[in-house]
Amino acid sequence: MTKESILQVNHLLTRFHAGDGYVNAVNEVSFEIKEGQTVCLVGESGCGKSATAMSIMGLIDPSSGGVSGGEVIFEGQDLLTMKKGDLRRARGKDFAMIFQEPMSSLNPVLTIGEQIIEPIMEHELLTKRQAKKRALELIELVGIGRGNEIYSSYPHQLSGGMLQRIMIAIALSCNPRFLIADEPTTALDVTIQAQILDLLRKLKEERNMAMLLITHDLGVVAEVADYVIVMYAGKIIEQAPVVELFKNPKHPYTKGLLEAKPVINKRKEKLYTIPGQVPNLTDLKPSCYFSDRCSSCMQICTEKMPPVKQINDDHQVACWLYEEEVSV
């Protein structure tokens, strides 16, 4: 049985102010997420991963920029044209987000309980007593004991791993059908990372929830993803099912990311690094943005933006190497 699409992002363009001009942090990005599917969005820092997530959620600060074009279709409705009140009611209930750095995302002057029950009372219209009962259930669900004690605690009294579990509890409090997790394990040690990933996978499967997981850790991708999207300088340069991408990467950037991943029992004198630097988004030329760092660069790569090439039904790449009319 073919799964239905729950989210379609079409030609999304998000711009931020930069001096006298602007930068395209999300540049004509298009992808799809199906029911119950885990899609991983990967790439170096600053490539537009978090900006894509914030654009989908409608959380871009208007004073710094905004979405300038495209569509974000969630269950048949364009979130970009939705009225602010309707979007606020849908955000948290129908789709939710786990933010980076829980210590800076949680309010330090409110107790954990107050922050969990806020969306529950807002969206589920429960009394405070009913909301507290739900909150205690959620605290237990995400694997933290001493529910009443945690409920009355403040963020600074909990560890990083516990705070990340609280962020998951808040995001799942109203049973969303789609969840964005923005680098949920970045600030955690390896053991806690594994626990958080296991928790997310377990909850996703139990609820048949679709998830967009943002990460730069390809080990995480290999463990949890169904489908992978690779971004570079605001653009999607390759996307494919996870097994296909790891076995048959096409874009030189994707190959570089995989080559740079440490592998157990394969010791090298020096770990591979992609040469050069990410381009300045305020000074992008109408060419392949990766051309300055690419060992396979051709003349056309420095002159024109490569079109998207369909490798097979589920695998796309934007690279001149796969255009038949171009001779290498």
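Structural remarks
- Qualifying positions in the stretch 91-116 - part of a helix (DSSP H, G or I) and touching a Leu at 6+ places or on another chain (Cβ under 8 Å): Pro102, Met103, Ile112, Gln115, Ile116
Residues checked against (1) at pLDDT 95 or above; (2) touching a Gly at 6+ places or on another chain (Cβ under 6 Å); (3) at positive phi:
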{"site": "Val9", "(1), (2), (3)": "yes, no, no"}
{"site": "Leu12", "(1), (2), (3)": "yes, yes, no"}
{"site": "His17", "(1), (2), (3)": "no, yes, no"}
{"site": "Glu32", "(1), (2), (3)": "yes, no, no"}
{"site": "Ser55", "(1), (2), (3)": "yes, no, no"}
{"site": "Gly65", "(1), (2), (3)": "no, no, yes"}
{"site": "Ser68", "(1), (2), (3)": "no, no, no"}
{"site": "Ile73", "(1), (2), (3)": "yes, no, no"}
{"site": "Ala90", "(1), (2), (3)": "no, no, no"}
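- Subset of the stretch 66-112 [among the polar types (S, T, N, Q) and within 27 Å of His17 (Cβ to Cβ)]: Ser68, Thr81, Gln100, Ser104, Ser105
- Here Cys297 meets the list (1) buried (at least 17 other Cβ atoms within 10 Å of the Cβ); (2) modelled with pLDDT under 95; (3) touching a strand residue (DSSP E or B) at 6+ places or on another chain (Cβ under 7 Å) almost entirely, failing just condition (3).
- Complete set of residues in the stretch 6-50 that are part of a strand (DSSP E or B), surrounded by fewer than 19 Cβ atoms within 10 Å (Cβ to Cβ) and free of Cβ contacts under 8 Å to residues at least 60 places away in the same chain: Leu13, Phe16, His17, Tyr22, Glu32
- Qualifying residues in the stretch 149-167 (those that are more than 17 Å from Glu137 (Cβ to Cβ) and not polar (S, T, N, Q)) - the one surrounded by the fewest Cβ atoms within 10 Å (Cβ to Cβ): His156
- Residues in the stretch 119-141 that are free of Cβ contacts under 8 Å to residues at least 24 places away in the same chain and either surrounded by 15 or more Cβ atoms within 10 Å (Cβ to Cβ) or assigned to a helix (DSSP H, G or I) (or both): Met121, Leu126, Lys128, Arg129, Gln130, Ala131, Lys132, Lys133, Leu136, Glu137, Glu140.
- Residue, nearest to the chain's Cα centre (by Cα), within the stretch 222-244, restricted to residues that are at pLDDT 95 or above and assigned to a helix (DSSP H, G or I): Val242
The values are calculated or read from the model by the stated rules, or taken from the named source; none is laboratory data. Computed from a predicted structure; not experimentally measured. Heads up, the Cβs are rebuilt from the backbone with ideal geometry, glycines too, and the neighbour counts pull from every protein chain shown.
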